[in-house]
Every structure is written in structure tokens, then in C-alpha cells.
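A quick write-up on the structure given underneath.
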Amino acid sequence: MAKEKNDQPKKKLYSRLINKYRLVIMNVETFEEKASLTLTPMNVITVFGSVIIFLVTLTIYIIAFTPLREFIPGYPDGTTRKQYHLNVMKADSLQKELDLKNVYINNLRQILLGQVPVDSIGMKPDTSLKKQELNMNISEEDSTLRAEVEQESRYNLSPSQRTTTRQDESMSSVFFFSPLKGMVSEKYNPIQSHFGIDIVSPSNEPIKAALDGTILFSSWTSDTGYVIGIQHENNLVSMYKHNSALLKKTGAYVKAGEVIAIVGNTGELSSGPHLHFELWHNGKPVNPQEYMVF
């Protein structure tokens, strides 16, 4: 019985919510019925709740995703944030300028008073190097090495021959990739300042890198046209001149056999489609035909 009594208020509330009511629109003078609508409290609550939820969602969307949020008091717009950033940078620059001016004025005041301003840079002693711990004596290993080198070079005819021998030994183990297949029209002749070889080939033939390396130079010159140079290991440099087009830029890393340019006839010193190829080792030109086949 007690449970039925507790359920009675809930049933009454539910029955009130589902009770149907009729909303009538009438003419006041003629009492003529113009329109009518059957409603329940549950329907009214549902409609008004849905409208409120829709309006709240629409307001949040407008504030979050449209420029209208900038009209809300206290909300900064894009221009304000940008101006704030610029003001911070200007303030920092002005502070640095002010510090420099203060240093200048202080130095000038000390000079006028006869006091030479002290430079704080370089006045502290270098504590990273302890000179008393340095060993200036020649080690036994260094003496042995010096004796071996002097013994090897004793029977050489001249220093130039010793340099050439070491240069040949260091380059003999290097495998070069032929940059272009063709006929050598002019050979290596350093006496006539021809520090490379000329390889005749049809136009638009690809030119390949002789070794792995980094593009050292890739530009145009009036004498040799489009020129590209590569820095390799072992202090080797290869130069490719009179090209019609350059396919690599300065700083790029290339592999041996990778196409870097196209055969051409550019520059005032060119008389036909060919490649002028130079090979330099330790800052001196060498004959490319001694190390590769064209």
C-alpha cells in the first residue's frame, strides 16, 4: 500500500505532462475560430528545450569559428596580437639601444674626466691552457718517423720528383668514372696553359661526375660558358667547361656517374660542341688520360 501511495504523485505528474490542450486563435469581435493547435506540456518543453540548445550551439560556433568573436569585449583580434608582438620586439630593440647609449655615455664621461675606460673583453687570463704542463721535448716516435722520412727521400733527385711520386701513389688507388665517351681533340698541355683535355662529342650528350663529391662551382663565365666544378676526397677537384646546361647547383652532393651537365658549345673559347675536362690534385693540374679512358 505504501508503494502505491509513493507512485501516485509520479503518475499524476506524468498524466499532467501528457494531457492534451487545445490552443485556439479566435476573432475577438466575431468569435470566429481562425486556427487551433493541440498541445501537451511535454511537447512544449521539448520544443523550447530544443530551441534553447540550438541557440546555445549556434552562439558557441559563431564565437569560436567566425571573426565576430573579435567584437566581444576583452577578446583580442589578429591585428591586436600582431601589434603586441611588434611592440615587444620594438621594446627589446629600444632596450638594447639604450644599453649601448649608456655604455657610450659612461665611456665618454670617463674620458672627459681623464679616466681611461677599461675594456672587459680579453682582460681575464686564459685558464684553459696550463703552459707548465706542456711537453716541448721531441718524443721517441717523432724522432723515428723523422729518420725514416729522411732516409726515404735521401736518394730522390729533387723535391718535385718526391712530390710527384707521392701524388701518383695517392691517386693510383682511386677509381675514376669517365665523364664522357668521345674523341680527345686536344690533350693535356700545361706549358701552353691547357690544364685539361678536350673531348669531342655530339650535342646534348650527358656529362657525368668522375667521383663522389660536392658541387663547388656551378655558374656562367664569359670565356668557358657554363662551368661546373666538384670537390672530391683526397683533395681532388674536377672541372667541366663549355656545357650547354648545368643540372646541379652549388652545394649539392653527387655520386660518381651521376649526370651533372649537358655537352655544349658555350663561352668565347669554344669552337664546337665538346667538353673541356680538368683534374686537379693538391692544387696542381694532372693529366686526366693517365687515370681514365675516354
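Things to note:
- Per-residue 3J(HN,Hα) values for the range 23-38, derived from phi via the Karplus relation 6.51 cos²θ - 1.76 cosθ + 1.60 with θ = phi - 60°, read 9, 10, 10, 10, 7, 5, 7, 9, 6, 7, 7, 8, 7, 8, 8, 8 Hz in sequence order (x marks Gly and Pro).
- Pairs from the list Lys82/Lys249; Lys82/Lys248; Lys90/Lys248; Lys187/Lys255; Lys181/Lys249; Lys187/Lys248 with a Cα-Cα gap above 30 Å: Lys82/Lys249; Lys82/Lys248; Lys90/Lys248.
- Residues whose amide H falls under 5 Å from that of Thr221, counting only those 5 or more places apart or on a different chain, are Tyr226, Val227, with hydrogens built in the peptide plane.
- Measure of compaction for the range 176-290 (Cα Rg per 2.2 N^0.38 Å): 0.94
Bear in mind that the values in this text are calculations on the coordinates, not laboratory data. Here the structure is a predicted model, which is why all the values come from computation and not from measurement.
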